[in-house]
Amino acid sequence: MKLHLGCGKRNFGSDWTHIDGGNFDHLHSHDITKLPFKEASCDLVYASHVLEYFDRQEALEILKEWNRVLKPQGTLRIAVPDFKSMCEIYSKGEYSLDSFLGPLYGKMDMGDKKIYHKTVYDEASLSKVLSNSGFVNMRRYNWRDTEHSHIDDHSQAYLPHMDKDKGQLISLNIECIKKA
């Protein structure tokens, strides 16, 4: 079983189970914080640009829930805005602060309320929260090498926007496994 958490309108197909707080036909359920699956029942959990909507303590608990449903040695593939990458680009002076407001302080309609990003990560801070949630072997992954690379999502976020060949990736894409 492969879970796509916080998928929104993106449908990876029938090989995936989609969970999101929105209202889309392809959704299995609506709560990514309490998954309706047995312990150790999933092979892969994928979440792109959703973890930053939770503060660090909330993220720790959510990651433990995602860990719970993964089989031993199961894979968590996660993408979040990359604070270090954005700082590097910003410090060069090529982009105004406005170019980074969405990735840093994003907001989205969720039902009848708006939700906002509550934190940012760099590789060290994300690796630490993943480790504290029972994951090991953190490494960056290339979105081009995934089975869902043909569907554009925020793991493919670049500046300049959509310049996937010459731009700089501003998504921190980390893959890890559940500790055995």
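The values are calculated or read from the model by the stated rules, or taken from the named source; none is laboratory data. Only a predicted model underlies this, so the values are computations on that prediction, with no experimental measurement involved. No Cβ is skipped: glycine too gets one built from the backbone with ideal geometry, and neighbour counts run over all protein chains shown. All accessible areas refer to the heavy atoms of the entire protein, side chains included, with ligands and DNA or RNA removed. Shrake-Rupley method; radii C 1.70, N 1.55, O 1.52, S 1.80 Å.
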Taking the stretch 1-15 as the region of interest, how many residues are of a type outside the set (Lys, Arg) and open to solvent by 20 Å² or more (accessible area, probe 1.4 Å)?
7
Report yes if some residue within the stretch 63-78 is free of Cβ contacts under 8 Å to residues at least 40 places away in the same chain and under 19 Å from Glu175 (Cα atoms); otherwise report no.
yes
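Residues checked against (1) under 15 Å from the mean Cα position of the chain (by Cα); (2) outside any loop (DSSP other than H, G, I, E, B); (3) not hydroxyl-bearing (Ser, Thr, Tyr):
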| residue | (1), (2), (3) |
| --- | --- |
| Ile89 | no, yes, yes |
| Ser99 | no, yes, no |
| Lys114 | no, yes, yes |
| Ser131 | no, yes, no |
| Met138 | yes, yes, yes |
| Ser149 | yes, no, no |
| Ser155 | yes, yes, no |
| Asp163 | no, no, yes |
| Ile174 | yes, yes, yes |
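Mind telling me which of the residues Tyr95, Tyr90, Tyr105 ends up being aromatic (Phe, Trp, Tyr), more than 27 Å from Gly21 (Cβ to Cβ), without any contact (Cβ under 8 Å) to a residue 24 or more places away in the chain and open to solvent by 10 Å² or more (accessible area, probe 1.4 Å)?
Values: Tyr95 fails: without any contact (Cβ under 8 Å) to a residue 24 or more places away in the chain; Tyr105 fails: more than 27 Å from Gly21 (Cβ to Cβ).
Answer to the check: Tyr90.
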Ser41 meets each of (1) open to solvent by 40 Å² or more (accessible area, probe 1.4 Å); (2) more than 15 Å from the chain's Cα centre (by Cα) with one exception, condition (1)
Could you pull out the residue among Val120, Val136 that is of a type in the set (Val, Ile, Thr) and buried (at least 17 other Cβ atoms within 10 Å of the Cβ)?
Val120
Run Ala47 past the list (1) within 19 Å of the chain's Cα centre (by Cα); (2) at pLDDT 95 or above; (3) outside any strand (DSSP E or B); (4) of a type in the set (Gly, Ala, Ser) and report the number of the one that doesn't hold.
(3)
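Residues checked against (1) surrounded by fewer than 20 Cβ atoms within 10 Å (Cβ to Cβ); (2) more than 21 Å from Tyr116 (Cα to Cα):
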position	(1), (2)
Gly22	yes, no
His30	yes, no
Phe37	yes, yes
Tyr53	no, no
Glu58	yes, no
Glu61	yes, no
